[in-house]
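The values are calculated or read from the model by the stated rules, or taken from the named source; none is laboratory data. Just so it is clear, the model here is predicted, and its values are computed rather than measured. Every residue, glycine among them, receives a Cβ derived from its backbone with ideal geometry; neighbour counts consider all protein chains shown.
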Amino acid sequence: MALFLSTVLNKMDSKCRVSVPSNFRNSLKNQSFKGVVAFPSYNDNSIDACGIERMEKISNSLDSENDYSRDEFDLISLYFGEAEQLPFDKEGRIILPKKLINHAQIENNVLFVGLGPTFKMWNPNHYENKKKSMIKKAISNNINPRLKPIPKGM
């Protein structure tokens with residue numbers, strides 16, 4: 001399974017092409033589809049993205065017994081309907097569709113933010129506002145997530 005770490009800012013050109021960070025591309029190199037799957041986030045003005053294997057795994061879980069509520073199932077179905085397969089060109093770029101650009105209100109720069117098994121693409125200003133808000137909330141609520149598993153001896 002792909003693992004996406006780090007935050008990288010890349011410029012989008014006039015043809016809506018943007019280079020996917022090399023460490024993100026390396027995480028996807030062994031997958032059957034050479035590119036990313038992207039769809040609008042329903043939590044904020046950003047673009048959610050992942051590798052094809054993650055989408056296949058979610059699809060397989062829909063076919064088997066699962067614990068999805070009806071609302072969760074409907075939302076997952078919406079993700080599949082809105083998803084775009086964006087292949088890499090020979091330089092490692094993808095072409096962002098206008099509907100995703102408009103949803104995320106991306107202008108010239110795309111901020112790639114790793115989220116472990118997935119990543120997001122943001123307008124950098126929107127991400128900075130979200131980040132500040134999340135940090136402020138964490139401080140005021142004394143939130144300090146415990147990341148599992150914790151290595152022995154820590």
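Taking the listed residues SER46, SER14, the one that is of a type in the set (Ser, Thr, Tyr) and in contact with a helix residue (DSSP H, G or I) (Cβ under 6 Å, 6 or more places away or on another chain) is SER46, with no other qualifying. Taken over the stretch 17-35, the criterion of being of a type outside the set (S, T, N, Q) and either closer than 11 Å to GLY92 by Cβ or surrounded by fewer than 16 Cβ atoms within 10 Å (Cβ to Cβ) (or both) is satisfied by ARG17, VAL18, VAL20, PRO21, PHE24, ARG25, LEU28, LYS29, LYS34, GLY35. Scanning the stretch 77-94 for residues that are of a type in the set (A, V, I, L, M) and surrounded by fewer than 16 Cβ atoms within 10 Å (Cβ to Cβ) yields a single hit, LEU78.
Listed here are the residues, each with its yes/no results for (1) in a strand (DSSP E or B); (2) modelled with pLDDT of 95 or more.
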position	(1), (2)
ILE94	yes, yes
LYS99	no, yes
HIS103	no, yes
ILE106	no, yes
LEU111	yes, yes
MET121	yes, yes
HIS126	no, yes
MET134	no, no
ASN144	no, no
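Per this entry, ILE52 is not counted among residues that are touching a helix residue (DSSP H, G or I) at 6+ places or on another chain (Cβ under 7 Å) and without any contact (Cβ under 8 Å) to a residue 60 or more places away in the chain. Of the residues that make up the stretch 21-30, is at least one part of a loop (DSSP other than H, G, I, E, B), in contact with a strand residue (DSSP E or B) (Cβ under 9 Å, 6 or more places away or on another chain) and either of a type in the set (Gly, Ala, Ser) or under 18 Å from PHE112 (Cα atoms) (or both)? Yes - at least one qualifying residue is present in the stretch 21-30.
Anything in the stretch 114-132 that is crowded, with 20+ Cβ neighbours inside 10 Å and among the aliphatic types (A, V, I, L, M)? List them, or say none. Within the stretch 114-132, just MET121 meets the criteria.
Could you check, for the stretch 46-57, whether at least one of its residues is among the β-branched types (Val, Ile, Thr) and closer than 19 Å to GLY114 by Cα? Yes, the stretch 46-57 contains at least one residue that is among the β-branched types (Val, Ile, Thr) and closer than 19 Å to GLY114 by Cα. Looking for something surrounded by fewer than 16 Cβ atoms within 10 Å (Cβ to Cβ), within 14 Å of the chain's Cα centre (by Cα) and part of a strand (DSSP E or B) - is there at least one such residue anywhere in the stretch 42-50? So far as the stretch 42-50 goes, no, none of its residues is surrounded by fewer than 16 Cβ atoms within 10 Å (Cβ to Cβ), within 14 Å of the chain's Cα centre (by Cα) and part of a strand (DSSP E or B). Considering every residue within the stretch 69-79, establish whether at least one is of a type outside the set (Gly, Ala, Ser) and either in contact (Cβ under 8 Å) with a residue 40 or more places away in the chain or in contact with a His (Cβ under 7 Å, 6 or more places away or on another chain) (or both). Yes. Within the stretch 1-20, the residues that satisfy the criterion of being of a type in the set (Gly, Ala, Ser), touching a residue at least 24 places away in the same chain (Cβ under 8 Å) and in a loop (DSSP other than H, G, I, E, B) are ALA2, SER6. When SER61 is tested against (1) in a helix (DSSP H, G or I); (2) small (Gly, Ala, Ser); (3) in contact (Cβ under 8 Å) with a residue 24 or more places away in the chain, just one condition goes unmet, and that condition is (3).
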